[in-house]
Amino acid sequence: MKKILLACLALCFTCYSFAQGKYTLLVTNANIVDVANGKIIPHQLIAISGDVIKVVADTKMAAKYKADKIVDADNKYVMPGLWDMHIHLRGGNDMITANKNLLPLFLAYGVTTVRECGGDITPQVMEWRQQIAAGTMAGPRIFTSGPKLDGPKPTWAGSLLVETPEQVGKALDSLQKIKTDFVKIYESKISRDAYLEAVSQAHARGLLSTGHMPYTVKLTEAVDRGMNGSEHLYYVFKACSAKEDSITKVELETEHTARPLGLFGALPTLYATYDDAKAAALFKYLAQHHFTVTPTLFVSKTLNEIKETDHSKDSLLNYIDPKIPATYQGRVASARRASEASTAFTKKFEEKATAMVPQMYAAGVNVIAGSDCGAFNSFVYPGSSIHQEIKLLAASGLTPQQALTTSVINGPKFFGLDNYGSLQAGKCADMIFLDANPLQNINAIDQINRMVAHGKAYSRQDMDNMLVALKH
């Protein structure tokens, strides 16, 4: 009897504590942006414990809830934090501090989660994401591929060499050992056989795979093997060509000669042989396979316009370690060497490739927003670049709702995560507060009033102070 009484008292105490609303943060007077349904839910309160939303209710009920901190949203438009699904942290040991100092920039622009797509400082990236998760360091939530997979003498330092099935297996063993979130495959030196083997083995292990693709491989071949995604638009574009088979054959025949055709050598023919009917069938096929495409429109636009744009006065250069802009010079020099005809064709190609985006989205392909920011990608700055990417996705033909979806819904969807993408009970509490309605005007994402990241509330002043601390 005594045990029963004690149990009842304990239960009553638990219920009393819950009824008192023992929350860490309470947001009131919020106009919630329901991205999935394209509507605004006005006058809401959001009760948060840690970094999880526990209650969403009418703000009239606010008096019934207690919290360590209360934030009045003041009728701002509140939506999930932004996801940048293609960034890089890289440059070797001399660049570790420079890369670490990029992380607060993401938060300053409301980017609460990033997908890091391969570099050469993986141990540090793993350490940073643990510190961010523990709340001892300010930065976005990090998902990472760790080192890329590539062939002999790869373009990027830190890549894992794969030529044989055994080497593929060992590379995947190492990625699983350090618990990376997906496999990134690069195409600079990898063979057709090694590429397809890497995709097959990753799929057999239940690992997500994405990346570039050698032009010796057809996109559908990789997807049939279990490939989950493609970075940039070159590889999807090739699969839309009426001459895809013959181009792939020429790529194979010239691969080890003095004059291999290569990706860029094939682009004029691909452009001239783009087939709308083939593209429509391909997009339907990719959607059926739950495939993901990261267009990275902003980095392409920025690189294509280097010759005509003066970036010397870019304000964000004041907040980035000079070691990062120093890596930009390779691409700058390459762009300046290009002929006027080559530059004009590249812009024309990008325009046609960009037109695929709304078509893929309408077909059901999982289109995601990624900026490709980081060292070596000239003038594509962390944080601000994903704003530009989302706006370019809207300019391509997506509605503001669809453009937002590519970041906050389709980003988590790539990883199969259902605890992100909306501000509902049980979901992650990362959120940004906007002065204007982003469903009406996508430029509203630039007007961030405050945010919540990893359970911590940041005012606009707090976010600005992140930049001040980085200024040099």
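Figures for the structure shown
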quantity: Cβ crowding within 10 Å averaged over residues, with 250-258, 125-133 ranked highest first; calculated: 125-133, 250-258
quantity: Sulfur and carbon atoms: percent of accessible area, the chain [1.4 Å]; calculated: 53 percent
quantity: Solvent-accessible surface ranking, highest first, for His387, His472 at 1.4 angstrom; calculated: His472, His387
quantity: 0 to 90° range, to nearest 10: angle between helix 122-134 axis and the chain longest Cα axis; calculated: 20 degrees
quantity: Accessible solvent surface per residue of the chain, calculated while the other protein chains remain in place, 1.4 angstrom probe, Å²; calculated: 43 Å²
quantity: Distance between the stretch 324-353 and the stretch 395-472 - C-alpha centres, whole angstrom; calculated: 31 Å
quantity: The chain: angle of helix 384-395 to the longest principal axis, Cα-based, in degrees nearest 10; calculated: 70 degrees
quantity: Long pairs among Lys100/Lys471; Lys189/Lys238; Lys76/Lys100; Lys76/Lys313; Lys189/Lys301; Lys148/Lys301, criterion Cα-Cα beyond 21 Å; calculated: Lys76/Lys100; Lys76/Lys313; Lys189/Lys301; Lys148/Lys301
quantity: DSSP beta bridge pairing in the chain, given as percent antiparallel to the nearest 5; calculated: 50 percent
quantity: 0 to 90° range, to nearest 10: angle between helix 192-204 axis and the chain longest Cα axis; calculated: 20 degrees
quantity: Semi-axis lengths, Å, the chain, gyration tensor of Cα atoms, sqrt of 5 times eigenvalues; calculated: 41, 25, 23
quantity: Interchain or long-range residues, amide H under 5 Å from Ser230's placed H; calculated: Gly211, Thr292, Val293, Thr294
quantity: Mean residue ellipticity (222 nm) of the chain, computed from DSSP H runs ≥ 4 via -39,500 (n - 2.57), nearest 500; calculated: -12000 deg cm²/dmol
quantity: Peptide ranges 422-433, 30-41, 307-318 listed from the most packed, as the mean C-beta count within 10 angstrom indicates; calculated: 422-433, 30-41, 307-318
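The values are calculated or read from the model by the stated rules, or taken from the named source; none is laboratory data. In this text, all values refer to a predicted model and were calculated from it rather than measured experimentally. Positions of Cβ are generated from backbone atoms using ideal geometry, with glycine treated the same way; all protein chains shown enter the neighbour counts. With ligands, DNA and RNA removed, areas are computed over all heavy atoms of the protein, side chains included. Shrake-Rupley method; radii C 1.70, N 1.55, O 1.52, S 1.80 Å.
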